[in-house]
Amino acid sequence: MSLQEKLKKEVERRRTFAIISHPDAGKTTLTEKLLLYGGAIHLAGAVRAKANQRNTTSDWMEIEKQRGISISTSVLQFDYHGHQINLLDTPGHKDFSEDTYRTLTAADAAVMLIDAAKGVEPQTRKLFEVCRMRGIPIFTFINKLDRPSQQPLDLLAELENVLGIRSCPMSWPIGQGDRFRGVYDRTSKEILAFQTDGEANQKGRLGAIQVSGTDDPNFVKLLGGPRNDEDEAKELYQTFKDEIDLLELAGDPFNQELVNRGLLTPVFFGSAMNNFGVERFLQRFIEFAPQPSARLTSEGDVVEAFSPQFSGFVFKIQANMDPAHRDRVAFMRISSGHFERNMEVTHSRLEKKVKLSKPLNFFAQERVIVDEAWPGDIVGLLDTSGELRIGDTLCTPPAIEYAGVPRFSPEHFAGITIKDPMKRKQLQKGLEQLSEEGVVQIYRQRGMGDKDPVLGAVGALQFEVLQHRLKAEYSVDTKIEKMGFVHARWVTGEGYDADFFERREDSRALVDRDELPVLLFKSDWALRWAEENYKKLKFLTTAPEVRGTKKKK
Ligand code: G4P
């Protein structure tokens, strides 16, 4: 097989995605079940260990203890019927940070996991916005149908009203809570019966019963449940039938093109804990989710995944993964071509050659050297000289640069002071390096240079992380004082009067590291007021891309 044929085959069999959800929706549980299908059972244990430790996390030391595990699960790779699945872990819970958003820039699709009782929750909404910005396909898994749930039609309405995305149910639930009888697969016309006695579901062997359609005379007989209650079966069937008729009439049909553009989400119902509906979901996901797709360079050129030119970009940097070595690992998503260990590539921003001699994969607690990898894969690069930054492109010639990994607007803000004024230089250096890694963002007062910066973070815990690392790695003791702002927006457009916003009680006008204007707001109201009164301005949640950063070091 020629390299080109092999490349095509490897691209076609890969699916790289992330799960987006609010804490407690069941992401760990779903991940664990997905891994079981891939035969990666030893990893499933690691995922669970993380879930168990989660609640005890109260400070940074705890996070660091956990780190081995959460890092090891940065990417979970498993095979399923000849497909290679790369599941990117998006930090959630207390370690929710900009990394969570950035990871989505390396995914080709997202699985949106929703708790059937709670519907669309805030963290899901934020992550959804990032997916929408990228226009990637989103597949929805509505979980915990074995518990009292919202009405399924209401959940679909919520997707549309809160997220503004149309939906196409691929399966439909029959009953819920303790009257949950299973789901009807609309494509295969099968009833997947929910069995609570464990065995069948645990092994993923579902009672799938073929019917001729929802009018099948035997349908209702299959819904009697453990007590074989006829009245209950009729009632459940009637509700199901009314809903499904409505869907047939007024619902959106499946449309691959709209799914690909992220405008329509295929919806599945199930129960991750009971391993119910998970395998069917995985099968359909593989069928309808995209293989690694083309990417745009900052010049607007399209690079196809199966282009022979190797290229990849850094979307995440993690320092001190191994406290004994104080190392720095850059995570690179491969976008095109064939990756081989020891290959020499161009670092486009620095216009220099680098040799990728120790590419790593992270399995459980262990690092494994990668000999080769393909588009869609993620490899860790040991970056001892600190030359890699988030957004950097590495490629074989000619040099290209992918459109950058955006910076996302933080929601927590703080000022920072040092206890020992002699350490000002170390503080500067520490802040600069840690902000390049994306721990926090730094905003400055206009015309004030480095004096009294304002720090912004997506997750509040990031300030603790910053403080701890400044002390451990730069020997600087700091004091962090939270500020009462809740939104940051990059401002573009005509007629922006920074002084006006600086004078107001409820906003501040600052600049970011590229001197781009940023406004901080103290409340939702203050932001809305600005948006409504300054229609010529744009208030952006991600930083506008700065061109010509090529030579910047
Ligand atoms: P997360 O990673 O999204 O935060 O969620 P996680 O999987 O840890 O699940 C959160 C809780 O929801 C867990 O319960 C888990 O067992 C439960 N759960 C997940 N899927 C389902 C489901 O389909 N049905 C039901 N009924 N519960 C589900 P926990 O009590 O917090 O933890 P555990 O003691 O069960 O581990």
Exercise for the section: Please state the charge dipole magnitude for the range 251-308, taken about the Cα centre, from unit charges on C-beta atoms (+1 on K and R, -1 on D and E), reported in debye and rounded to the nearest 20. Expected result: 240 debye
Practice task
Could you state the angle between the C-alpha long axis of helix 41-54 and the longest principal axis of the C-alpha atoms of the chain, as a value from 0 to 90 degrees rounded to the nearest 10?
Solution key: 70 degrees
Practice task
Using packing as a proxy for protection, rank 433-446, 481-494 so that the peptide with the highest average count of other Cβ atoms within 10 Å comes first.
Solution key: 433-446, 481-494
Fill in the blank from the handout: In nm, the gap between the two label points placed 7 Å beyond Cα toward Cβ at Arg446 and Phe500 is 1.2 nm
Exercise for the section: Could you work out how far the C-alpha centroid of the range 362-435 sits from that of the range 79-126, in angstrom? Expected result: 20 Å
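So between Lys425 and Val486, what do we pick up on full extension, going 0.36 nm a residue minus the alpha carbon distance? Could the numbers behind the result be given before it?
Values: separation 61, 0.36 × 61 = 21.96 nm, distance 2.94 nm.
Stretched out fully, the Lys425 to Val486 stretch lengthens by 19.0 nm.
About the Cα centre of the range 295-395, how large is the charge dipole given +1 on each Lys and Arg Cβ and -1 on each Asp and Glu Cβ? Please answer in debye to the nearest 20. Walk me through the intermediate numbers first.
On the way: 13 positive and 15 negative charges, 64 e Å.
Computed charge dipole of the range 295-395: roughly 300 debye.
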Problem - Label-to-label distance, nm, for residues given as Gln309 and Thr384 (7 Å Cα→Cβ offset) - result: 3.1 nm
Exercise for the section: Return one number: the angle in degrees, 0 to 90 and rounded to the nearest 10, between the long axis of the Cα atoms of helix 278-288 and the longest principal axis of the Cα atoms of the chain. Expected result: 70 degrees
Practice task
Please report, in debye to the nearest 20, how large the charge dipole of the chain is about its Cα centre when each Lys and Arg carries +1 at its beta carbon and each Asp and Glu carries -1 there.
Solution key: 1800 debye
Practice task
Can you grab the distance from the C-alpha centre of the range 439-461 to the C-alpha centre of the range 469-485, Å, no decimals?
Solution key: 12 Å
Problem - For the chain, with +1 on Lys and Arg beta carbons and -1 on Asp and Glu, the positive-most of Ala157, Ser336, Ala109 along the dipole - result: Ser336
Exercise for the section: On a 0 to 90° scale, report how tilted helix 60-72 is relative to the longest principal axis of the chain, with both axes built from alpha carbons and the result rounded to the nearest 10. Expected result: 60 degrees
Practice task
Please give the peptides 83-89, 111-117, 534-540 ranked by average Cβ packing (other Cβ atoms within 10 Å per residue), highest first, as a rough proxy for protection.
Solution key: 111-117, 83-89, 534-540
Fill in the blank from the handout: For the range 379-387, Karplus-derived ³J(HN,Hα) couplings (6.51, -1.76, 1.60; θ = phi - 60°; whole Hz; x for glycine and proline) come out as 10, x, 10, 6, 10, 5, 8, x, 8
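How much length, in nm to one decimal, is gained on full extension between Glu12 and Arg132, taken as 0.36 nm per residue of separation minus their Cα-Cα distance? Each step should come with its number before you reach the end.
Working: separation 120, 0.36 × 120 = 43.20 nm, distance 2.37 nm.
Separation in residues times 0.36 nm, less the Cα-Cα distance, equals 40.8 nm.
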Completion exercise
Simple SL model, points at 7 angstrom along Cα→Cβ for Glu372 and Glu299; separation in nm is 2.9 nm
Fill in the blank from the handout: Scoring the chain by relative contact order with C-alpha pairs under 8 Å, at least six apart, yields a percentage of 13 percent
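Please give the length that would be gained between Ser2 and Thr239 if that part of the chain were fully extended, namely 0.36 nm times their separation in residues minus their C-alpha to C-alpha distance (nm, one decimal). All intermediate terms of the calculation are to be shown ahead of the outcome.
Details: separation 237, 0.36 × 237 = 85.32 nm, distance 5.61 nm.
Full-extension gain reported as 79.7 nm.
What does the highest-first list of 276-286, 254-264 look like by mean Cβ count within 10 Å?
Numbers: 276-286: 21.9, 254-264: 15.7.
Ranked by mean Cβ neighbours within 10 Å, highest first: 276-286, 254-264.
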Practice task
Take every Cα pair under 8 Å in the range 385-543 that's 6+ residues apart, average their separations, divide by the length, and report that relative contact order as a whole percent.
Solution key: 25 percent
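Any read-out appearing in this document is the output of simple, stated calculations on the displayed coordinates, not a laboratory observation. What you see is a predicted model, and the numbers here were worked out from it, not measured in a lab. Backbone-built Cβ (ideal geometry, glycine too); neighbour counts: all protein chains shown.
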